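These notes concern the structure reproduced below.
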Amino acid sequence: MTNLNQLSTPRAELPDIAWGCGSGWNQPAALWGDRSWTTARICESFLDHVTREFGCAAACAWSLDPVNQVLIAVAFKGIVTADMKTITIKCSDCLSGDAVDRRQINRFEDLHSTRPDGRSFKYQHLAQLLGLTGMLSLPVLNNANPNQVLLVIDLYVADSALPPPTADERLFSLARDLAATVEACLYDRCIRYANRLPIALAQVRKANPDRQCGVVARLVRNAIGCDAVGVYLASVERASLDLVGKDDPGGLYDRMTMLNFSAMNSWSSSRELLHVDLGQNAQSGDGGEGSTQGEIVSSVCVPLQALSGQSRGVIQCLNSSMSVGEGTLHPFTYDDVAVIEAIGRSFSPQLEVVQADQQRIESLNRLAHELRVPVVAFRAALERVRNECATKGYTFQFEHFEEMGIYSDVMNRLLKELDLMRRGTHSIPLMPQQTYLLRKIIAPAVRFVRPLLIKAGFDSSKNPKNPITYNKLDKIPDLYVDPGLMTQVVFNLLDNAIKYYQGDPAEFNMLIEGSNSPEGFEVFFRDWGVGIEIGDARIIFEQGVRGRNAHQFDVSGEGIGLWLARAIVRRHGGDLFVGCNRNPTEFVLRLPHSLQYGPPPDNFMVDE
Amino acid sequence: MGKRLLLIDDEFGANQSESVPGAMAYMWYYAEALRDMTYEVTVVNTIDRALEALATQQFDLILLDLMMPPGKALADADTAAGMRTGVVFADRLAHSHPDTPVVILTMVANPSAFQSLRGKPNVKKILQKTDHPPNWVAEEVREILGE
């Protein structure tokens, strides 16, 4: 058993609450809206009052774990945690449990005797240490449901008489006030934090599930004032529970390696689990192998339920205490469970969206990987056939090979787009390398759109001019960019220019021009197509938005090309915008000068 | 005799001897492209077989896939159910064969999956199969071997 001798309960002095019997009690205004008014702190204030009024030597407030029928000590007066040695006791074998069973005040004049039903006072060392002789147990009942015991208050006397039966009425009156205060504070915390969650989530709605679960973790930690919170979500694919978000400023999750077991137990049993002493309690089966010597970790796990009632994850809260120094053991109670449940319920609708998102990403991951295999195999086989034909001197229509090669490039490009779609634009990973834009990016992109040019009749014997021309691109030096992604950007711009051209195919012309301006290196993409309507220049870069001309001219598309293109450019620290709406329509790709010296920093965030 | 390469990839199929055209094992094309460059290529489809080959032969360069079953050799390692097998094995090779250059040849598209390999002295290149058909890979290998 842990040595708790060094533990104590140094808590800040609380403002004195004017406890009284029923009508005499004023609700302190400071109590509302202050999250530090947990059940434990209210009980401390209560114990302070009743020990003074009834001349008791010491007192203890117990919170009830109704599932395991265990009492958890939450507040003390005249005792410190170290004196208790263990702060949980089973209702069935302790004297205080009698108050839970009978819901009546019980008096025990002799703390040293064992009752016929086997119940006894579990802290004989404490009785000896403080000279305690008798104990009164006061059940605190739910005002709305007198069958439910919220708390048990034990009052201890030392060589003096217990409060007489004539004081029962007053004790019950105080208990009613305590219950009302505890419930009101609890209700206030549940409602306030549950209402706050959607507002907090709204700020990260476009972000990934991890961030949303991180918001939940942060809010729960604020609501119950614990050391760390982790949010686990169930993965349908892998039938596992993954830690998706956490708020853990003290690094508890890094130190403790077995925490997921208690979360798994809660998830699989679909019910809350309280562990007062996760790190040391061998009976819990949770080990706590990662805790540092003398560290005691209390935990509570509450299932996250979907609207259908299914257990979809777990919120886990942790409190850490050291057995040395001024640490205090902070167990969790069912009040904490209620607050966590309230926040969890508020998260349920969003959880559905998050999980649907997760499933979509997992499905896309699998699909993308499955698609890559045949594309790579096709390209490899095509290359082999071309090599063998060439070495064996076959006279063959090599243009066919070229066409197959181009189409395999298109497949590859579509796969890259799929990758970006599934990952989301907020986390575009870059593989930057020193790149000459014309040779490594613009020329390959032009090659990719060639089938589109041919199909539209822009590139044929009827059009002797080169439909796409370059100018002054030598003004741009080698830059550190991701060539694959940048090629995607250029391809999307060219693809748009081709799709939105409605004039004579023989007249199609596109000019790609480079420039070195004070704002950065710029590439202008100019075409003489239908143009962009006034007012559309900004919104066409938003996801799923298509310009009015797209509908007017029946141009196909999903409204993601420009959105992706701008996200990629911004990930490089640059920007993509419309320079001119019409005649010519001009898109400007601007990249920072710093890219000629090194890759973009990792912290460029894409504003969605 | 050309330089000796070890190509480790589970795409060679369950039975390595069937790694020929028609066996639906596209990595054969990569092995052939390297052989065309006169390299002597040994192909293995598991980490365990790779270790056997490394125990009995000297190699000038190792081409390594990322996502593979960990096998017995890496059963206790954190390979994330095989997703990071190549990362873990490259790390082991850095200690056991520090002078043998390693080229990662992977289907994985997300660079964060192999972020930890960047900067490792034995890992010379990370090539994505989607962007590097066999001839390109052969050229990269030739460049690394300084030929």
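The values are calculated or read from the model by the stated rules, or taken from the named source; none is laboratory data. Bear in mind the structure is a predicted one, so any value in this text is a computation, not a measurement. Here Cβ is always computed from backbone atoms with ideal geometry, including for glycine, and neighbour counts include all displayed protein chains.
Side notes on the structure shown:
- Residue within segment A:114-129 that is of a type outside the set (A, V, I, L, M, F, W, C), outside any loop (DSSP other than H, G, I, E, B) and closer than 18 Å to A:Asp168 by Cβ present: no
- Taking the conditions (1) touching a Pro at 6+ places or on another chain (Cβ under 7 Å); (2) of a type in the set (A, V, I, L, M); (3) within 27 Å of B:Gly2 (Cα to Cα) in turn, B:Ala77 satisfies each one other than (3).
- Residue list for segment A:137-162, restricted to those being crowded, with 18+ Cβ neighbours inside 10 Å, closer than 22 Å to A:Gln69 by Cβ and in contact (Cβ under 8 Å) with a residue 40 or more places away in the chain: A:Ser137, A:Pro139, A:Val140, A:Val149, A:Leu150, A:Leu151, A:Val152, A:Ile153, A:Asp154
- Any hit, segment B:69-77, residues being within 12 Å of another protein chain (Cβ to nearest Cβ) and of a type in the set (A, V, I, L, M): no
- Inspection of segment A:466-483 identifies no residue that is part of a helix (DSSP H, G or I) and under 18 Å from A:Arg582 (Cα atoms).
- Count of segment B:107-123 residues which are in contact (Cβ under 8 Å) with a residue 40 or more places away in the chain and in contact with a helix residue (DSSP H, G or I) (Cβ under 7 Å, 6 or more places away or on another chain): 3
- Residue match in segment A:456-463 (condition: in contact with a Lys or Arg (Cβ under 7 Å, 6 or more places away or on another chain), more than 14 Å from every other protein chain (Cβ to nearest Cβ) and farther than 20 Å from A:Leu595 by Cβ): yes
- Members of segment A:104-118 found to be of a type outside the set (A, V, I, L, M, F, W, C), in contact with a strand residue (DSSP E or B) (Cβ under 6 Å, 6 or more places away or on another chain) and at pLDDT 85 or above, listed by number: A:Asn106, A:Arg107, A:Glu109
- Count of segment B:51-82 residues which are among the aliphatic types (A, V, I, L, M), crowded, with 20+ Cβ neighbours inside 10 Å and farther than 30 Å from B:Glu139 by Cβ: 1
- Residues (assigned to a helix (DSSP H, G or I) and without any contact (Cβ under 8 Å) to a residue 24 or more places away in the chain) located in segment A:185-212: A:Tyr187, A:Arg196, A:Ile199, A:Ala200, A:Ala202
- If the condition is being closer than 16 Å to A:Ile468 by Cβ and acidic (Asp, Glu), then segment A:481-505 contributes only A:Asp495.
- Candidates A:Val231, A:Val297, filtered to the one that is at pLDDT 90 or above and touching a strand residue (DSSP E or B) at 6+ places or on another chain (Cβ under 8 Å): A:Val231
- Filter result (in a loop (DSSP other than H, G, I, E, B), modelled with pLDDT of 90 or more and more than 24 Å from A:Pro116 (Cβ to Cβ)) within segment A:56-103: A:Cys56, A:Ala57
- Filter result for A:Arg345 (in a helix (DSSP H, G or I) and farther than 30 Å from B:Glu32 by Cα): yes
- B:Asp36 passes every criterion in (1) within 14 Å of another protein chain (Cβ to nearest Cβ); (2) buried (at least 19 other Cβ atoms within 10 Å of the Cβ) apart from (2).
- Matching residues in segment B:118-147 - criterion: being surrounded by 14 or more Cβ atoms within 10 Å (Cβ to Cβ) and away from every other protein chain (no Cβ under 12 Å): B:Lys120, B:Asn122, B:Val123, B:Lys124, B:Glu140, B:Val141, B:Arg142, B:Ile144, B:Leu145
- When residues of segment A:432-455 are limited to those that are within 15 Å of A:Val489 (Cα to Cα) and modelled with pLDDT under 85, the one farthest from the other protein chains (Cβ to nearest Cβ): A:Val449
- Lone qualifier among A:Asp98, A:Asp110, A:Asp93 - being over 14 Å from A:Ala58 (Cβ atoms) and buried (at least 17 other Cβ atoms within 10 Å of the Cβ): A:Asp98
- Taken over segment A:348-379, the residue count meeting the criterion of being touching a residue at least 12 places away in the same chain (Cβ under 8 Å), of a type in the set (Gly, Ala, Ser) and more than 12 Å from chain B (Cβ to nearest Cβ) is 1.
- Some residue of segment B:102-117 being farther than 23 Å from A:Leu364 by Cβ, more than 14 Å from chain A (Cβ to nearest Cβ) and surrounded by 19 or more Cβ atoms within 10 Å (Cβ to Cβ): yes
- Within segment B:88-99, the set of residues being over 17 Å from B:Arg49 (Cα atoms) and buried (at least 16 other Cβ atoms within 10 Å of the Cβ) comprises B:Asp91, B:Ala94.
- Per the listing A:Val276, A:Val244, the residue uniquely within 20 Å of A:Val337 (Cβ to Cβ) and either in contact with a Phe, Trp or Tyr (Cβ under 8 Å, 6 or more places away or on another chain) or modelled with pLDDT under 85 (or both) is A:Val276.
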